[in-house]
Amino acid sequence: MSKNHFIMGALSGLMIFIAGVALAEPPAIKIAFVDVSRAFNEYPATQEATKNLNEELAERKSTIEERQTEIADLKEKLRTGLLLSETEKEKRRGAIERKTEELKKYFEESQKYLGEKEEALTKRLMKKVYDIITQVAEAKKIAIVLDKSSPSFVYGIPELDITEEVISLLGEKKSGVGEKKSGEGEKKSGVGEKKSGEGKVKK
């Protein structure tokens, strides 16, 4: 074989190798998306926790209203008590101030308590949701899962949506909320009310 034939043969073999490398497909990366907000809100444990929290909120609102009525009655009796001595009037003013301050403290402590409880429940429940999403992703060998409920999510074909599967698996999990009903293990005077509209566990 001549030198030129040897060089041409070597070059041809090199071109075939390069072409083979160029045509080789990169490993496929599976991507899916899930509506995390919907999965969280439809999770039975979330619904149970929300129900329990709202029941606590309702009881505390009732207590607040009872105390407000009591203070209003004391003020009215003081206003109409024309025959009361100055000593008695001063005594009643002191009772009103004391009860008003107690109510304010009761309300503030309740807001803090219910807010922290809601935050802790949300964190615990979200972890369970993420655990199920991870379980589905690993079973299907999905490399990336996007959150459909995120503002940055634009579009995805329905075939990539694993939300229904995640919700189905969450429905099979026991709630494990294990929360005490309102008033258990607590002094009634130590907790108060949360503002209207609060008390629902949300993402």
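The set of residues in the stretch 66-101 that are surrounded by 14 or more Cβ atoms within 10 Å (Cβ to Cβ) and either over 46 Å from the mean Cα position of the chain (by Cα) or in contact (Cβ under 8 Å) with a residue 40 or more places away in the chain (or both) comprises Leu78, Leu84.
Could you tell me whether any residue of the stretch 36-53 is out of contact with any helix residue (DSSP H, G or I) (no Cβ under 7 Å at 6 or more places or on another chain), part of a helix (DSSP H, G or I) and not polar (S, T, N, Q)? Checked the stretch 36-53: at least one residue is out of contact with any helix residue (DSSP H, G or I) (no Cβ under 7 Å at 6 or more places or on another chain), part of a helix (DSSP H, G or I) and not polar (S, T, N, Q). The residues of the stretch 132-149 that are within 17 Å of Glu42 (Cα to Cα) and outside any helix (DSSP H, G or I), listed by number, are Asp147, Lys148, Ser149. Would you check if Ala58 is of a type in the set (A, V, I, L, M, F, W, C) and surrounded by fewer than 16 Cβ atoms within 10 Å (Cβ to Cβ)? Yes: the conditions hold for Ala58. Taking the conditions (1) over 30 Å from Glu172 (Cα atoms); (2) assigned to a helix (DSSP H, G or I); (3) aliphatic (A, V, I, L, M); (4) at pLDDT 85 or above in turn, Ala22 satisfies each one other than (4). Condition first: under 30 Å from Val166 (Cα atoms) and touching a residue at least 24 places away in the same chain (Cβ under 8 Å). Now tell me which residues in the stretch 43-65 satisfy that. Across the stretch 43-65, the qualifying residues are Tyr43, Pro44, Ala45, Thr46, Glu48, Ala49, Thr50, Asn52, Leu53, Asn54, Glu55, Glu56. Only residues that are charged (D, E, K, R) and more than 13 Å from the chain's Cα centre (by Cα): list them for the stretch 109-155, please. Within the stretch 109-155, Glu109, Lys112, Asp131, Glu138, Lys140, Lys141, Asp147, Lys148 qualify.
The values are calculated or read from the model by the stated rules, or taken from the named source; none is laboratory data. Please read these numbers as outputs of a predicted model, since none were measured by experiment. Reconstructed Cβ throughout: ideal geometry from the backbone, glycine too, with neighbour counts over all protein chains shown.
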